[in-house]
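One structure below.
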Amino acid sequence: MSHDPIAESVLDLLRDADPDVATIINAEQERQASTIELIASENHVSPAVMHAMGTCLTNKYAEGYPGARYYGGCEHHDRIETLARERAKQLFGARFANVQPHSGAQANMAAFMAAMKPGETFASLVLKDGGHLSHGMKINFSGTFYTPVHYPLHYDESHPDFERIDYEACREVCVEHKPKVILCGYSAYPREIDFARFRAIADEAGALLVADIAHIAGLVAAGVHPSPFPHAHIVTTTTHKTLRGPRGGLVLTNDEELAKKIDRSLFPGVQGGPLMHIIGAKAVAFGEALKPDFKDYAKRVVANAQALANGLIEKGYRITSGGTDNHLMLVDLRARDAELTGADAEKWLEAAGVITNKNGIPDDPRPPRITSGLRLGSPAVTTRGFGADEMRRIAGWIDTVLGSKGEDGATRQVREEVRELCAAFPLPGSAAPARA
Ligand SMILES: *Cc1c(COP(=O)(O)O)cnc(C)c1O
């Protein structure tokens, strides 16, 4: 049960207005409260962020930018968008911010349109080794309207940088293909990114460096991961992953000419009216991330990921690249049991109340629907207040469920223990934990 009085009154209102919708939202609230969320791209927002989204800001058309709108009545919308921009700039140490992208994919689309003409070439990581679909997947805009070439990881086990970015190979790809853009930043890469090294490659190849920090933005904002500035020409991100804001995107740059192009690319190039209620919530989330507490949160996110990784290594699993520097890890399940697949593991763990996603590991021989790996992340459970002890318990539960191959008795037992732990760590906005 949530003890967030505003969430409760919203549900009460919905129960009267639309009981069908209220029932579904209530069930989802229960699911989130009683399960362990290990999906690396998810988080639990604060009540302030949550409720800023449910405000009158949603009623307004505010096409354009502060001071230059296509509709009347935008006085307060100019103020809220300016505040969100100023906070974003402060948070990431950038001169220009566009807070309007509806999502990370749209942020990337605006960056691409600002940096390239249709058909031009960009370089990104081999997609199945940690890239995002907006980094050149064939049926995505990025692979349809632009020409991706890819750089690899180190796939040779004996190399000291095994399963880390092969910067020398990236350099060779870029010198050969002369891409207009080099894209770094990933969806499933557990190690620090060397932005300075990418910039040196970009300079040599005559490319712009675009850093997509969708996953690590919260860690960057907190100084727990090195900043892409001053190296990247353009930085794109989501606002809802480690940054713990509303679902949305953000584009940053220090270059005034690029900033103008990005603004034009996003609106009217990609989007129509901005989601002003989401921009209001972005301002709130950026304000939270500017507070000292958030640094502590980001440090605990990394410590918790490392505790979970170590717990799993002790149980006989292999963590790709040998560990993690950030909020996520890729677990090679075959080290524990050659038959284990990511698809089975995801399904069995969900039945036990542990929510994960199957994910290919570098050079995975299995297809994407099966995979040899699981991607696990600590942002959501850290928000909930879990520490190293809880992470070690989770490693034990994961091993119990997978070791039993999802057997009913073992799954039920773990489900009960998961429920108990979750009850002791209520979600944000809930009452103080009733710890035994
Ligand atoms: C999540 C993610 C995105 C896009 O996010 P959406 O908001 O889902 O569009 C873009 N790039 C990377 C690297 C991501 O991980």
- Task: Quickly run through the stretch 81-109 and pick out the residues that are away from the ligand (no atom under 16 Å from the Cβ), surrounded by fewer than 21 Cβ atoms within 10 Å (Cβ to Cβ) and in contact (Cβ under 8 Å) with a residue 60 or more places away in the chain.
- Result: Leu83, Lys89, Gln90, Gly93, Arg95, Phe96
- Yes/no for Glu163 being buried (at least 23 other Cβ atoms within 10 Å of the Cβ), more than 16 Å from the ligand (Cβ to nearest atom) and assigned to a loop (DSSP other than H, G, I, E, B): yes
- Message: Would you confirm whether or not the stretch 180-191 contains a residue that is away from the ligand (no atom under 16 Å from the Cβ), within 25 Å of Ala259 (Cβ to Cβ) and part of a loop (DSSP other than H, G, I, E, B)?
- Response: yes
- Mind checking which pairs have a first residue in the stretch 119-143 that is part of a loop (DSSP other than H, G, I, E, B) and a second that is away from the ligand (no atom under 11 Å from the Cβ) and of a type in the set (Lys, Arg), Cβ under 7 Å, 6 or more apart or different chains? Glu120/Lys180
- Message: I'd like to check something: does the stretch 353-360 contain any residue that is closer than 29 Å to Leu153 by Cα and charged (D, E, K, R)?
- Response: yes
- Query: Pairs, please: C-beta under 9 Å, at least 6 apart or cross-chain, first residue more than 17 Å from Ile262 (Cα to Cα) and among the β-branched types (Val, Ile, Thr) and in the stretch 226-250, second near the ligand (Cβ under 10 Å from one of its atoms) and assigned to a strand (DSSP E or B)?
  - Reply: Thr239/Gly249
- Among helices (runs of 4 or more DSSP H) entirely within the stretch 207-320, at least 1 residues that are touching a strand residue (DSSP E or B) at 6+ places or on another chain (Cβ under 8 Å), at pLDDT 95 or above and more than 16 Å from the ligand (Cβ to nearest atom) occur in 256-264, 292-314
- Failed item in (1) assigned to a helix (DSSP H, G or I); (2) of a type in the set (D, E, K, R); (3) touching a residue at least 40 places away in the same chain (Cβ under 8 Å); (4) under 30 Å from Lys347 (Cβ atoms), with Arg31 passing the rest: (3)
- Message: Looking only at the stretch 342-362, how many residues end up being outside any helix (DSSP H, G or I) and touching a helix residue (DSSP H, G or I) at 6+ places or on another chain (Cβ under 7 Å)?
- Response: 10
- Selection count, the stretch 318-344, where residues are free of Cβ contacts under 8 Å to residues at least 60 places away in the same chain and either surrounded by 21 or more Cβ atoms within 10 Å (Cβ to Cβ) or among the charged types (D, E, K, R) (or both): 6
- Item | Complete set of residues in the stretch 61-102 that are in contact with a Phe, Trp or Tyr (Cβ under 9 Å, 6 or more places away or on another chain), within 29 Å of Pro226 (Cβ to Cβ) and in a loop (DSSP other than H, G, I, E, B) | Gly93, Ala94, Val99, Gln100
- How many residues does the stretch 404-418 hold that are surrounded by 15 or more Cβ atoms within 10 Å (Cβ to Cβ) and either in contact (Cβ under 8 Å) with a residue 60 or more places away in the chain or among the acidic types (Asp, Glu) (or both)? 6
- Message: Among (1) modelled with pLDDT of 95 or more; (2) more than 16 Å from the ligand (Cβ to nearest atom); (3) surrounded by fewer than 22 Cβ atoms within 10 Å (Cβ to Cβ), there is one condition Glu42 misses while meeting the rest; what is its number?
- Response: (2)
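The values are calculated or read from the model by the stated rules, or taken from the named source; none is laboratory data. Predicted model, so just to flag it, every value in this text is computed and none were measured. Heads up, the Cβs are rebuilt from the backbone with ideal geometry, glycines too, and the neighbour counts pull from every protein chain shown.
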